[in-house]
Amino acid sequence: MMEKAGYLQRTGYKAFDGEGNVHEVIELHILSIRFAIRRSDLAKAISGHVFVQVEELTHNWNYYLGATSGLAQVSVSGKALNIDIFNEGSFTVSLSALRNVIYGKERYAFIMKIPEQVPQSQKMRRVTLDQKRISAMV
């Protein structure tokens, strides 16, 4: 079951990148950490199924884009934007809610955490009476 991990918002302010260029950004608050996606890149991702960078966002008199913290791409079904934050997990936001935020109909959209899937090989098997358990010490 997915649980709420944060929100995405349209702020209206601009952020400077490392080269001093100004970009409109969509701000993401995931697990109480602030990130940003450039609005022009997000429009490309929605229309073309390409990866976009999720960057750190800092505020020191102005807003600044920092290091790349993850990647985002439209899901295979085309109904959500999947966000992968390095070392933090995977998240998703509804594409219809995201469009409402981008085009100014809504101010916020909720971001949900995608639950981690356990690989088939790591699932516990039930041992039958005919099988023996072998213990090993390392």
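The values are calculated or read from the model by the stated rules, or taken from the named source; none is laboratory data. Note that the structure is a prediction, hence the values are computed from the model and not measured. Here the Cβ positions follow ideal geometry from the backbone for every residue, glycine too, while neighbour counts run over all protein chains shown.
At a glance:
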item	result
Strands (runs of 3 or more DSSP E) enclosed by region 1-56 - at least 1 residues per element that are under 14 Å from the mean Cα position of the chain (by Cα) and surrounded by fewer than 16 Cβ atoms within 10 Å (Cβ to Cβ)	3-16, 33-38
Considering residues of region 76-99 that are polar (S, T, N, Q) and surrounded by 14 or more Cβ atoms within 10 Å (Cβ to Cβ) only, the residue farthest from Gln53 (Cα to Cα)	Ser94
Residue satisfying all of: in region 57-75; surrounded by fewer than 19 Cβ atoms within 10 Å (Cβ to Cβ) and aliphatic (A, V, I, L, M); farthest from Gly20 (Cα to Cα) among these	Leu71
Residue satisfying all of: in region 80-138; farther than 19 Å from Arg10 by Cβ and of a type in the set (Val, Ile, Thr); modelled with the lowest pLDDT among these	Val127
